[in-house]
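Reviewing the structure listed below.
The values are calculated or read from the model by the stated rules, or taken from the named source; none is laboratory data. Please read all numbers here as calculations on a predicted model, not as lab measurements. Backbone-built Cβ (ideal geometry, glycine too); neighbour counts: all protein chains shown.
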Amino acid sequence: MQSVSVVALPLDAMSALIGPERSARFMQAADRAREMLSGRTVWNVNATAQGGGVAEMLQTILAGAISLGIDTRWVVLDGDPEFFEITKRMHNMLHGDPGDGGDLGPDQHAHYEQILSANTASIADQIKPGDIVLLHDPQTAGMIKPLRDLGAHVIWRSHIGKDETNEIAQRAWAFLRPYVEHAEAVVVSRPTYAPPFTNPDQIFIVPPSIDPFAGKNVEIDPDTVADVLARVGVSDGVDSGNEITFPRRDGGAGVVRRHDDLIVAGGLLPAGADYVLQVSRWDRLKDMEGVMTAFTEHVVGHTDVHLLLVGPATAGVSDDPEGAEVLAQCQAAWARLPEAMQERVHLVCVPMDDIDENAYIINALQRAATVVLQKSLVEGFGLTVTEAMWKARPVLASDVGGIADQIEDGVSGLLLADPTDLAGCGELITRVLDDPELAARLALAGRARVLELFLGDRHLLQYGELFAHLLGAPPLVEPTAS
C-alpha cells in the first residue's frame, strides 16, 4: 500500500476566514478531540491519491486534522486491473447504472477478497488496538472485518449512492453486504445513500468540504488567471513570460509549466472569450457528451460563448478503467460536429503527472468561466460545484444527489430538474448568459453558502463527534441553550 503525505492547514488563515466566534468554538472542540484521541492513530484508506473528489476531500480533512495535532495517516490500496474493473462496476451499479454489464458473482468476490486480504496484511502490523480506521467506498469494504479483528474501530465511508434505489443498485449492495455489515458506523453524504441493510443508529451524515487555501481554491488575480490559460496552451492569449507559482500540498511552491497538448479536440480558446465550463472525470455518469449536445443544439447560435469540457489525462487515474473509453467517445462526438460548431467546443485533458499543478490549472479555468456547469446524470456530492461556488461563479447543475444539498435553486445556483433534458440545460445556460444581474446574484450567494456550510471546520467537527460516539466520550461541543 502507498502512504500519502499531507501537510498542515494554515489555522490562522482559516480562523480569519470563519471569524472569531466560530473559530473559538472549533478550537475548543479540537482541544477535547486531541485529548480523546491521545495514543490513537486515525487511518484513512482509499483507492487513489489523485484524480477524484475523494482524494481531494482527504487532502483537505487530513490537513486540518494534522494541524490540530491529531495523529492521522492516509494509505492507498494496491490493486490490479481486474480489481478496479470490479469496483468500478460496483460504483456504477450503486448509482443504478449497469456499467460494463459484468458479473458480481463468486469469482468477483474471490478476487476482491484476495486483493484486499493482501492489502490488509501489508498494514496489519501498524494498526494498534483502539485505532480508528476510515475505509472509503466499495474498494475498501472487504477490509472492515479483518481490521476490526485487530481491535481497531472501523468506519465505512461511502461517497456514492442513489436517492431512489433500483434492482441494479440492490445487486451491488448485495455484493457489499457481507463486508459492510461488520462496520461500527457508516458515513454517507446524505441519508438516502445509506446501505439498505444498515441499522439507522449506525448511519452518520457528513457532507464533504473544500480547503480554501489549497491550489484548487486559492485566490488568483484575473491577470494571472489569463496568464495561466495562455501558458498551458488553452487560450491564445499573450503569455507574459512571468514565472507563475502555485502552492503545493507539501507546503512548497511549484511553477506552472508550458504545455501544448492539453486540448485534445478543438482549437485554442480565444483570449477573453466567454465560456461555459464543466470539469469532471471522463465518466459516463458525468454526461460530458450530453453537455456537448445541449450546448451545440440549444446554446450555439444564440450567443458567441464557447464550451470547455475538462477532465484528467486518463492515464493518471488508476482506479477508473473507463476514462479513456469515455474520452474517446467525446472526441468522436466532437468530430461529428459541423466545423462551425467544432470551433466553439474544446475538450481539455489536464495533466496528472503533477497533481498540484493540475489543481491550480483547474482553479484558473473555473475562475475565468462565465458559467460553470455540472450536468451529472447521478452524483454523490459534486465537489466541483462547491469549488465553483466558492470562486463566485454562477453554477448550473443537475438536481441530483448531493448537488441538491449545495445549491438552493434560484438562490445560490440553478438546478436542472431532469439531467437528461438537454433543451432545458440549454435554456438555463442562455438564461444566465442573458442576465448579468442574475449571474452576479447567484455567484455571490453561492460563495456565501460555501463559507457557511462547506469548509473544513464543520467537516472536522462532525468527524470528531462521530469518534466521540464510538469511543463513548462526551460530545466535543456543548449544546447551546435554546
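Structure summary
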{"read-out": "Pairs with Cβ under 6 Å, 6+ apart, first in segment 105-117 and in the same structural domain as Lys88 (by TED's automatic domain parsing) and of a type in the set (S, T, N, Q), second part of a helix (DSSP H, G or I) and buried (at least 16 other Cβ atoms within 10 Å of the Cβ)", "value": "Gln108/Ile86"}
{"read-out": "From the options Ile361, Ile355, residue that is at pLDDT 95 or above and either on the phi < 0 side of the Ramachandran plot or not assigned by TED's automatic domain parsing to the domain that holds Thr293 (or both)", "value": "Ile361"}
{"read-out": "Cross-chain or 6+ apart pairs with Cβ under 6 Å, segment 160-181 first and among the charged types (D, E, K, R), then in a loop (DSSP other than H, G, I, E, B) and surrounded by 15 or more Cβ atoms within 10 Å (Cβ to Cβ)", "value": "Lys162/His95; Lys162/Gly96"}
{"read-out": "Checking Val45 against (1) in contact (Cβ under 8 Å) with a residue 60 or more places away in the chain; (2) in contact with a His (Cβ under 7 Å, 6 or more places away or on another chain); (3) assigned to a helix (DSSP H, G or I); (4) hydrophobic (A, V, I, L, M, F, W, C), the condition it does not meet", "value": "(3)"}
{"read-out": "Residues of segment 440-457 classified as in a helix (DSSP H, G or I), in contact with a Leu (Cβ under 8 Å, 6 or more places away or on another chain) and among the aliphatic types (A, V, I, L, M), total", "value": "2"}
{"read-out": "Matching residues, segment 244-267, being in contact (Cβ under 8 Å) with a residue 12 or more places away in the chain and in contact with a strand residue (DSSP E or B) (Cβ under 6 Å, 6 or more places away or on another chain)", "value": "Phe246, Arg248, Gly254, Val255, Leu262, Ile263, Val264, Ala265, Gly266"}
{"read-out": "Restricting segment 287-314 to residues that are of a type in the set (Ser, Thr, Tyr) and surrounded by fewer than 19 Cβ atoms within 10 Å (Cβ to Cβ), the residue that is nearest to Ala328 (Cα to Cα)", "value": "Thr293"}
{"read-out": "Filter result for Thr120 (out of contact with any Asp or Glu (no Cβ under 9 Å at 6 or more places or on another chain), of a type in the set (Ser, Thr, Tyr), in contact (Cβ under 8 Å) with a residue 24 or more places away in the chain and not in a loop (DSSP other than H, G, I, E, B))", "value": "yes"}
{"read-out": "Members of segment 289-317 that are of a type in the set (A, V, I, L, M) and modelled with pLDDT of 90 or more", "value": "Val291, Met292, Ala294, Val299, Val305, Leu307, Leu308, Leu309, Val310, Ala313"}
{"read-out": "Residue match in segment 69-78 (condition: among the small types (Gly, Ala, Ser), assigned to a loop (DSSP other than H, G, I, E, B) and surrounded by 17 or more Cβ atoms within 10 Å (Cβ to Cβ))", "value": "no"}
{"read-out": "Every residue from segment 128-143 that is in contact (Cβ under 8 Å) with a residue 60 or more places away in the chain and surrounded by 20 or more Cβ atoms within 10 Å (Cβ to Cβ)", "value": "Asp131, Ile132, Val133, Leu134, Leu135, His136, Asp137, Gln139, Thr140, Met143"}
{"read-out": "Conditions (1) modelled with pLDDT of 95 or more; (2) more than 30 Å from Ala392 (Cα to Cα); number of the one not met by Thr165", "value": "(1)"}
{"read-out": "Failed item in (1) modelled with pLDDT of 95 or more; (2) more than 15 Å from the chain's Cα centre (by Cα); (3) not aromatic (Phe, Trp, Tyr), with Val385 passing the rest", "value": "(2)"}
{"read-out": "Filter pass, Leu460 being assigned to a helix (DSSP H, G or I) and at pLDDT 95 or above", "value": "no"}
{"read-out": "Residue count, segment 370-389 (criterion: in contact with a Phe, Trp or Tyr (Cβ under 8 Å, 6 or more places away or on another chain) and surrounded by fewer than 23 Cβ atoms within 10 Å (Cβ to Cβ))", "value": "1"}
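Okay, residues lined up against (1) under 21 Å from Val187 (Cα atoms); (2) modelled with pLDDT of 95 or more:
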{"residue": "Met90", "(1), (2)": "yes, no"}
{"residue": "Asp100", "(1), (2)": "no, no"}
{"residue": "His109", "(1), (2)": "no, yes"}
{"residue": "Glu113", "(1), (2)": "no, yes"}
{"residue": "Ser122", "(1), (2)": "no, yes"}
{"residue": "Lys128", "(1), (2)": "no, yes"}
{"residue": "Leu147", "(1), (2)": "yes, yes"}
{"residue": "His153", "(1), (2)": "yes, yes"}
{"residue": "Trp156", "(1), (2)": "yes, yes"}
